[in-house]
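S.K.: Below is a structure I'd like to ask you about.
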Amino acid sequence: MKKLKMINQVKILIIGPIADFGGREVEAKILANSFVEYYAVNFLSTIHMTEKSYALLNHKNFTWSNVSREIYKEHLLIRLSSKLTKFLNGRVDAPITFMGNKVTHQLYDFNKLYLQTIQSAISENDVIVFCGDFQSKWLKEIVNYSFTQKKKFLFRTTGTIYGITDELKSIFKNDYRILVHSKLNSLNADKIWPNNKTIIDQTTLNEGHLLKIPLDYNKNITYGYLGRFGNEKGILELLQITDSLRIPIIFAGDGPFKSEVIEYCSMRPERAFIGKLKSEEITTFFSKIDVLIIPSLEEAGPLVSIEAMAAGKIIISTKVGATQERLEDTDNQFWFDINDPQSLLDTIKSVESLYQDELVRVKRQVRERYLAKYSNAEIASQYIRVVKELLN
């Protein structure tokens, strides 16, 4: 107990553009889960975040807020003006949503208030963990002030790493670590941070439920897609390529091409659209499918492949993000090129040709790979190790 009390004196601030729903929010929650047993954890979002955020699911033993909320609490005039604006507009929204009204913008420099709030939070913590990407607003200010205050700094990247500006290259100094998902996603950072970069992949918040899904399979192999219906996800290409196939396929998610997905599913009885899933519904989705298809053009992860591995599902995927590394040393080597329709058709055909015992064997390998490399306990231990190295 004496050792735990000593460790708890270290305060960790998880900060970044953390909203209510998405991969970054899940990543932030994974960070909190990893740290909370050993350190005092605090959340501060630089954008609007509510208590419904994925980052706060079943949260305990850590505090949370967002910058706007702190400014609203701190300034009486802003609160009064916001409530009056809400009343005059006859709206039912919370008063804080009217914080940036004409009166307050004339009286306050909101950029200055935001920066002061962020700096105050940094000053009160020992380790700063930025959860976001290199294009995130306030990143430069957060990094600079953290180093000025001699804080230990971790940067958990949450997207594909593209070009990094000279300005960003110059602001990273001592006592920091860049955390990336995969070797592939770290290539653009290798020349800049060859020594202060660590690969820590993702895990799933639904581990307990996903691991209970049986490894058997349906009489007819059922395929599934789970994710955003956007250009970068290759969803339209997937619809077009599989249009001629009579395979059971379930689509879960939301996004710009939702109407196209619904229309595609309406044309055949073996296709199903089940919409956007809540966290607790993800296990149900994976219970219904045997094979997950990932047609993405670019990814940092994706998280959905980690969830599929825990569920013991076969994965058919483009060679994006961390997926190839994740499936190393398994017989789950079902890859295709989204720009080559025949490659996906051939890959599906190869899966369909597998015997029952072969399907189950591959599923088992995938789950065992998850348990060995990507379990909650394994990822948490990697995060803790990095923090200890920084603190020492």
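S.K.: Write down the accessible area per residue of the stretch 47-176 in Å², having rolled a 1.4 Å probe over the full set of protein chains. Intermediate values should be presented prior to the final figure.
M.R.: Numbers: 7230 Å² over 130 residues.
For the stretch 47-176, the solvent-accessible area averages 56 Å² per residue.
S.K.: Per the Debye formula with a single identical scatterer at each Cα and no solvent contribution, what log10 I(q)/I(0) holds for the stretch 211-310 at q = 0.15, 0.20, 0.23 Å⁻¹?
M.R.: Per q value, in the given order, log10 I(q)/I(0) is -0.57, -1.05, -1.39.
S.K.: Let me ask something additional. What percentage of all Cα-Cα pairs in the stretch 33-86 are separated by more than 13 Å?
M.R.: Numbers: 931 of 1431 pairs.
Value for the stretch 33-86: 65 percent of Cα pairs lie more than 13 Å apart.
S.K.: Moving on to the next point. Taking the stretch 80-180, which chymotrypsin sites (Phe, Trp or Tyr not before Pro) meet the DSSP loop condition and have no more than 14 other C-beta atoms within 10 Å?
M.R.: Values: sites: F87, F98, Y108, F110, Y114, F130, F134, W138, Y145, F147, F153, F155, Y162, F172, Y176; in loops: Y108, F134, W138, Y162, F172.
Answer in residue order: Y162.
S.K.: Not counting the cut sites, what is the longest span of the chain without GluC sites (Glu not before Pro) that DSSP labels loop and that have at most 12 other Cβ atoms within 10 Å?
M.R.: Numbers: sites that count: E51, E124, E328.
That gives 125-327 as the longest site-free run.
S.K.: Taking 0.36 nm per residue of separation and subtracting the Cα-Cα distance, what length does fully extending K319 through Q149 add? The partial results should precede the final answer.
M.R.: Details: separation 170, 0.36 × 170 = 61.20 nm, distance 4.14 nm.
Gain on stretching K319 to Q149: 57.1 nm.
S.K.: Next question. So how strong a dipole does the stretch 263-392 carry about its Cα centre when Lys and Arg Cβ are +1 and Asp and Glu Cβ are -1, to the nearest 20 debye? Can you show the working numbers first?
M.R.: Working: 17 positive and 21 negative charges, 86 e Å.
Using Cβ point charges on Lys, Arg, Asp and Glu, the stretch 263-392 gives about 420 debye.
S.K.: For the chain, treating each Cα as an identical point scatterer without solvent, what Debye log10 I(q)/I(0) comes out at q = 0.08, 0.14, 0.15 1/Å?
M.R.: Calculated log10 I(q)/I(0) at the listed q: -0.48, -1.23, -1.33.
S.K.: Please express the shape of the stretch 1-96 as an equivalent ellipsoid: the semi-axes are the square roots of 5 times the eigenvalues of the C-alpha gyration tensor, given largest first in whole angstrom.
M.R.: Numbers: eigenvalues 201, 50, 18 Å².
Each semi-axis is √(5λ); the values are 32, 16, 9 Å.
S.K.: Here is a further query. Quick check: pseudo-label points 7 Å beyond the Cα along Cα→Cβ at F21 and S350, how many nm apart are they?
M.R.: 3.6 nm
S.K.: Extension gain Q9-T97, at 0.36 nm per residue separation less the Cα-Cα distance, in nm? Could the numbers behind the result be given before it?
M.R.: Values: separation 88, 0.36 × 88 = 31.68 nm, distance 3.52 nm.
Answer, rounded to one decimal: 28.2 nm.
S.K.: Once you put a point 7 Å from the Cα of R361 and another 7 Å from the Cα of L168, both along the Cβ direction, what distance in nm separates them?
M.R.: 4.5 nm
S.K.: Mind jotting down the distance between the C-alpha centroids of the stretch 283-304 and the stretch 220-237, whole Å?
M.R.: If we compute the Cα centre of each part, the gap is 8 Å.
S.K.: Where the accessible area of the stretch 65-183 is counted over protein heavy atoms with a 1.4 Å probe, how much of it, in %, is carbon and sulfur? Walk me through the numbers on the way to the answer.
M.R.: Numbers: 3130 of 6180 Å².
Roughly 51 percent, rounded to a whole number.
S.K.: While we're on this one: At D109 and E328, where each label point lies 7 Å from the Cα along Cα→Cβ, what is the point-to-point distance in nanometres?
M.R.: Using points 7 Å along Cα→Cβ, the separation is 5.0 nm.
S.K.: Summing Lys, Arg as +1 and Asp, Glu as -1, what charge do residues with Cβ under 14 Å from the Cβ of A380 carry, A380 excluded? Walk me through the numbers before you get to the answer.
M.R.: On the way: positive: K29, R156, K373, R385, K388; negative: E27, E37, D201, E207, E378.
Net local charge, A380 excluded: 0.
S.K.: Tell me the Kirkwood radius of the stretch 262-338: reciprocal of the mean inverse pair distance over distinct alpha-carbon atoms, in Å. Working shown, then result.
M.R.: Working: mean 1/r = 0.0733 Å⁻¹.
Evaluated on the stretch 262-338, it is 13.6 Å.
S.K.: Can you tell me, using C-alpha contacts under 8 Å and at least 6 residues apart, the relative contact order of the stretch 1-148 as a whole percent?
M.R.: Here the relative contact order equals 29 percent.
S.K.: Next question, about the same structure. How high is the relative contact order of the chain, in percent, with contacts defined as C-alpha pairs under 8 Å that are six or more residues apart?
M.R.: Working: 676 pairs, mean separation 54.9, N = 392.
Value for the chain: 14 percent.
S.K.: Looking at the stretch 28-110, which trypsin sites (Lys or Arg not before Pro) are DSSP coil and have at most 11 other C-beta atoms within 10 Å of their C-beta? It would help to have the intermediate numbers written out before the result.
M.R.: Values: sites: K29, K52, K60, R69, K73, R79, K83, K86, R91, K102; in loops: K52, K60, R91.
Passing both the DSSP loop test and the Cβ count: K52, K60.
S.K.: Right, something else. N220 to E263: FRET efficiency via 1/(1 + (r/R0)^6), r the Cβ-Cβ distance, R0 30 Å, to the nearest 0.05? Please report the intermediate quantities before stating the final value.
M.R.: Details: r = 23 Å, r/R0 = 0.77.
According to the calculation, E is roughly 0.80.
The values are calculated or read from the model by the stated rules, or taken from the named source; none is laboratory data. Being a predicted model, the structure only gives us computed values, none of them experimental. Virtual Cβ from ideal backbone geometry, glycine too; neighbours counted across all protein chains shown. Ligands, DNA and RNA are stripped out before the accessible areas are found, and what is left, the full protein with its side chains, is counted by its heavy atoms. Shrake-Rupley method; radii C 1.70, N 1.55, O 1.52, S 1.80 Å.
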